[in-house]
Amino acid sequence: PDGPDKTTLFTIDSGCESFGECSTSRQDFTTLPFRANWLDYQPSGIYLVGATGDDGKLYLITTAKKESTPLLNDGSFKKHPIFSPDGRQLIYLDAAHRAYVVDLATMSTQRVVTDNDTNFTANSIAWR
């Protein structure tokens with residue numbers, strides 16, 4: 001069961017049509033060793049990315065091995081990570097609502113700015 005420091009992920013039948021039907025088809029997938037407040041699937045289905053609400057850490061979770069690994073362990077607060085449509089990058093917000101893009105092959109991070117505003121901030125983010 002979920003506790004203050006865990007999150008249980010589960011699957012349900014995609015064809016279920018009611019809460020009862022979905023609950024009956026539930027199968028535990030894995031329990032994460034952290035309390036996740038945000039998860040996103042990589043389009044290929046190989047990874048999930050999770051964010052904690054308490055300390056703002058990101059974790060990369062492999063769906064095959066069901067293991068989680070800290071991602072970008074630099075001490076800064078991160079939230080709302082989203083995979084790019086091709087799954088090669090992540091975008092996330094920091095505590096000040098600045099957006100950053102991470103290249104997952106090189107783990108390089110670049111802050112998102114606009115031509116007119118180097119102090120660009122966002123309340124939500126999405127890929128086009």
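The requirement of being open to solvent by 80 Å² or more (accessible area, probe 1.4 Å), assigned to a strand (DSSP E or B), more than 23 Å from Lys78 (Cα to Cα) and among the charged types (D, E, K, R) is satisfied by Asp28. Scanning the stretch 46-57 for residues that are part of a loop (DSSP other than H, G, I, E, B) and either closer than 11 Å to Pro81 by Cβ or at pLDDT below 90 (or both) turns up Gly53, Asp54, Asp55, Gly56, Lys57. Restricting attention to the stretch 63-80 and to residues that are of a type in the set (Ser, Thr, Tyr), open to solvent by less than 60 Å² (accessible area, probe 1.4 Å) and under 14 Å from the mean Cα position of the chain (by Cα), the residue that is farthest from Phe10 (Cα to Cα) turns out to be Ser68. Within the stretch 31-43, if we keep just the residues that are at pLDDT below 90 and part of a loop (DSSP other than H, G, I, E, B), the residue that is surrounded by the fewest Cβ atoms within 10 Å (Cβ to Cβ) turns out to be Pro33.
Okay, residues lined up against (1) at positive phi; (2) part of a loop (DSSP other than H, G, I, E, B); (3) in contact with a strand residue (DSSP E or B) (Cβ under 8 Å, 6 or more places away or on another chain); (4) modelled with pLDDT of 90 or more:
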position	(1), (2), (3), (4)
Ile61	no, no, yes, yes
Gly75	yes, yes, no, no
Gly87	yes, yes, yes, yes
His97	yes, yes, no, no
Val113	no, yes, no, no
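Of the numbered criteria (1) under 22 Å from Tyr41 (Cα atoms); (2) exposed (fewer than 10 other Cβ atoms within 10 Å of the Cβ); (3) not aliphatic (A, V, I, L, M), the one Phe83 fails is (2). Could you look through the stretch 44-58, keep only residues that are hydrophobic (A, V, I, L, M, F, W, C) and without any contact (Cβ under 8 Å) to a residue 40 or more places away in the chain, and pick out the one that is surrounded by the most Cβ atoms within 10 Å (Cβ to Cβ)? Once the filter is applied, the top-ranked residue is Leu48.
The set of residues in the stretch 2-25 that are of a type outside the set (Gly, Ala, Ser), open to solvent by less than 100 Å² (accessible area, probe 1.4 Å), over 18 Å from Tyr59 (Cβ atoms) and not in a strand (DSSP E or B) comprises Ile12, Asp13, Cys16, Glu21, Cys22.
The values are calculated or read from the model by the stated rules, or taken from the named source; none is laboratory data. Note that the coordinates shown come from a computational prediction; the quantities given were computed from them, not determined experimentally. Heads up, the Cβs are rebuilt from the backbone with ideal geometry, glycines too, and the neighbour counts pull from every protein chain shown. Note: accessible area is taken over every heavy atom of the protein model, side chains too, but ligands, DNA and RNA are not part of it. Shrake-Rupley method; radii C 1.70, N 1.55, O 1.52, S 1.80 Å.
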